[in-house]
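Structure first, then comments.
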Amino acid sequence: MKAIAVEPGSGDPSLIDLPRPEPGPGEALVRTLRVGVDGTDHEVIAGHHGDLPDGADRLVLGHEAVGVVDDPNGTDLEDGQIVVPTVRRPPEGPNEYFERGEPDMAPSGAYLERGIVGAHGFMAEYFTSPAEYLVPIPEDLAHLGFLVEPISITEKAIEHAVASRSAFDWDLESALVLGNGSLGLLTLAMFEKVHDVDRTYCLGRRDRPDPSIDLIEELGSTYVDSRETPVSEIPEVHEGVDLVYEATGYAKHAFETVDALAPNGVGVLLGVPEPWEFEVDGGRLHRELVLHNKALLGTVNSNRGHFEAATDTLAQLPDSFLEDLVTGVYGLESFEAAFDSGDEVIKTAVEFDTI
Ligand code: NAP
Ligand code: BGC
Ligand code: ZN
């Protein structure tokens with residue numbers, strides 16, 4: 001079978017031949033339909049994030065997949081069922097995090113991530129997975145099923161943000177998304193169309209005309225250009241917000257987020273930056289967090305419950321938004337295009353097969 005693999009840090013992804021995997025006990029065989037590409041894939045390709053599987057010299061990419069069960073192999077799944085795989089797997093048999101359904105809370109060393117950390121991904125014509133890590137989705141969402149994983153990331157982020165504010169009377173009435181990449185835009189759509197947030201903003205660094213700015217404005221949100229309005233100055237131009245969602249991977253934003261928050265607000269950090277030393281007024285940051293009851297939290301990955309919530313969310317997002325968000329779906333003959341990153345590119349996927 002064909003697969004897309006990379007030697008991290010040393011080149012572009014290439015098409016390789018691998019034997020079709022055989023499902024082991026408790027595993028199903030899945031025929032891959034589509035696999036999305038995100039910023040993390042670019043970080044993995046560049047060699048900035050992730051690890052090769054033990055003994056391997058290249059990594060099969062892909063962690064945002066949707067497929068169809070080809071062989072349930074005695075599991076509870078049904079032949080022909082549309083499924084989305086979760087990303088994390090236990091390194092050597094289940095550990096406590098996986099046993100309690102919280103692999104997303106496992107520390108480094110207690111998980112592998114398919115297509116990212118120490119395990120091959122889903123960019124292959126077939127993959128196998130323990131059935132417990134395959135989340136069924138409705139057939140009418142199959143063509144967009146590769147968006148379930150990134151949406152699940154934000155389901156978790158919002159759950160944790162809301163939980164951090166649950167000790168008092170807090171409403172999510174305003175939100176700022178940092179980053180106009182695919183994760184930022186999906187999150188913005190969730191705030192606007194699912195969570196009914198009254199006032200939203202999305203930060204980028206692009207000139208008009210730009211398709212991501214068009215999407216931001218079509219969603220009813222306000223575009224903020226970080227070159228004109230740095231994050232820390234946003235409250236002077238607009239107003240502080242109840243929640244900041246950082247999806248730029250730009251390390252200074254982690255700290256500037258605190259200034260963009262209204263009192264009692266929460267900042268949620270998603271980006272995975274490279275090491276970068278710069279000066280921060282730690283005293284002011286500390287004081288700001290304390291005197292205004294602000295919270296700052298980091299979040300990574302997601303669990304099965306977040307995938308299930310994400311499936312419902314995907315069904316609620318407007319078709320017009322999703323059509324504009326997905327700027328390209330490419331077959332194996334032109335898979336390289338899915339890894340292009342120009343200003344016209346928002347979200348891409350590789351198509352391995354159709355239902
Ligand atoms: P992406 O496509 O690279 O998007 C990042 C966006 O941020 C880009 O559109 C970029 O603009 C913009 N940006 C970067 N620096 C900026 C600045 N200083 N001012 C304004 N805009 C800026 O990546 P993604 O897939 O959306 O993911 C976003 C981040 O979240 C990445 O760091 C990724 O690794 C991380 N992530 C984390 C998780 C998690 O579980 N924590 C899950 C998924 C992704 P330009 O395109 O114009 O450069
Ligand atoms: C993936 C997550 C993963 C994270 C860190 C993200 O792009 O969507 O599932 O945990 O990267 O590797
Ligand atoms: Zn991802």
What fraction, in whole percent, of alpha-carbon pairs in region 1-131 exceed 20 Å separation? 45 percent
With N set to the number of residues, divide the alpha-carbon radius of gyration of region 154-258 by 2.2 N^0.38 Å and report two decimals. 1.01
Quickly work out the residue 323-to-residue 297 label distance, labels modelled 7 Å from Cα along the C-beta direction, and quote it in nm with one decimal. 3.7 nm
Expressed as cubic angstrom per residue, what is the convex hull volume of the alpha carbon set of region 250-305? 91 Å³
Taking Lys and Arg as +1 and Asp and Glu as -1, residues besides residue 148 with C-beta under 14 Å from its C-beta add up to -4
Under a Cβ-Cβ cut-off of 12 Å, what is the net charge of the residues other than residue 305 that fall near it, where Lys and Arg count +1 and Asp and Glu count -1? -3
What list of ³J(HN,Hα) values in whole Hz, one per residue of region 84-94 in order, does the Karplus curve 6.51 cos²θ - 1.76 cosθ + 1.60 (θ = phi - 60°) give from phi, with Gly and Pro shown as x? 10, x, 6, 9, 8, 9, x, x, 9, x, x
Treating the Cα atoms of the chain as identical point scatterers in vacuum, please give the log10 of the normalised Debye intensity I(q)/I(0) at q = 0.09, 0.15 Å⁻¹, two decimals. -0.49, -1.33
Where does the charge balance sit around residue 351 when Lys and Arg score +1, Asp and Glu -1, over other residues with C-beta under 15 Å from its C-beta? -1
With N set to the number of residues, divide the alpha-carbon radius of gyration of region 54-143 by 2.2 N^0.38 Å and report two decimals. 1.11
Ascending count of other beta-carbon atoms within 10 Å, so fewest first, for 123, 190: 190, 123
Can you work out the Karplus-derived ³J(HN,Hα) for every residue in region 295-308? Use 6.51 cos²θ - 1.76 cosθ + 1.60 with θ = phi - 60°, whole Hz, and x for glycine or proline. 10, 9, 9, x, 8, 9, 6, 6, 10, 4, x, 5, 5, 5
Could you state the number of Å between the C-alpha centres of region 285-305 and region 235-262? 12 Å
Ascending count of other beta-carbon atoms within 10 Å, so fewest first, for 289, 203: 289, 203
Please report, in whole Å³, the volume per residue of the convex hull around the C-alpha atoms of region 251-355. 187 Å³
Report the full-extension gain for the segment residue 284 to residue 10: residue separation times 0.36 nm, less the Cα-Cα distance, to one decimal in nm. 94.5 nm
Residue-by-residue Karplus 3J(HN,Hα) for region 342-352, coefficients 6.51, -1.76, 1.60, Hz, glycine and proline x: x, 5, 7, 8, 10, 10, 10, 8, 9, 9, 8
Under 27 Å Cα-Cα from residue 156, which lysines qualify once same-chain neighbours fewer than 8 residues away are excluded? 193, 252, 294, 347
Gap in Å between the Cα centre of region 86-113 and the Cα centre of region 54-81? 18 Å
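Throughout, read-outs are computed from the coordinates displayed, never taken from laboratory work. Please read all numbers here as calculations on a predicted model, not as lab measurements. FYI the Cβ positions are ideal-geometry reconstructions off the backbone, even for glycines, and counts take in every protein chain you see.
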